[in-house]
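Working notes, structure below.
The values are calculated or read from the model by the stated rules, or taken from the named source; none is laboratory data. The structure presented is a predicted model; accordingly, all values stated were derived computationally and were not measured. Here the Cβ positions follow ideal geometry from the backbone for every residue, glycine too, while neighbour counts run over all protein chains shown.
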Amino acid sequence: MAGPANTQFAVAVHVLTMLAGMRAAPVSSELMAGSTGSNPVYLRRVLGRLREAGLVGSRPGPRGGWHLEREPADITLGDAWRAVQEGAPVFNLHAVQPDCPVGSSIATTLTGIDERLTRSVEAELDAISLLDVFPGAAQFDPADFVAGGTLRS
């Protein structure tokens with residue numbers, strides 16, 4: 001599978017799960033960046049895709065931050081996958097030379113496999129909600145986290 005999309009997916013699931021457990025107050029992107037170990041710019045790019053998909057929203061200002069737009073039970077890992085994949089193939093195919101019979105055959109075969117894999121991956125991920133990832137949806141307060149994004153002892 002494509003490297004960057006997989007990293008974005010894992011980060012997306014992490015922040016969605018974190019937001020599911022911190023519904024009492026908006027969560028800062030800095031706190032989420034620390035928790036995921038991600039560069040804040042990279043994290044905001046992932047959050048932007050999740051916002052475009054209607055999964056998260058944000059409120060500006062000193063008391064602002066990020067929140068879920070839907071209940072955790074109504075957000076699936078498939079929703080997160082589609083948000084960060086943006087229709088990209090599971091396989092990254094190389095450019096095929098038009099006069100190469102091997103390349104043409106491989107591209108046709110791999111494209112078909114990719115389409116079937118995408119349907120299978122999405123079906124599997126659609127069956128898993130944030131509540132499945134984070135059983136009991138234990139509630140955390142942002143104050144419970146230290147600056148690096150980990151829970152206080």
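So here's what we get for this one:
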read-out	value
Selected residue (criterion: farthest from the chain's Cα centre (by Cα)) from residues of region 59-83 that are more than 20 Å from E124 (Cα to Cα) and not in a loop (DSSP other than H, G, I, E, B)	R59
Residues within region 112-127 that are of a type in the set (A, V, I, L, M, F, W, C), assigned to a helix (DSSP H, G or I) and over 17 Å from F91 (Cβ atoms), tallied	2
Leading residue by the ranking (farthest from T7 (Cα to Cα)) among those in region 71-101 that are surrounded by fewer than 15 Cβ atoms within 10 Å (Cβ to Cβ) and either polar (S, T, N, Q) or at pLDDT 85 or above (or both)	Q97
Pairs where the first residue, in region 33-45, is over 12 Å from M18 (Cα atoms) and the second is of a type in the set (S, T, Y) and surrounded by 15 or more Cβ atoms within 10 Å (Cβ to Cβ), C-beta under 7 Å, 6+ apart	P40/S29; L43/S29; L43/T36; R44/S29
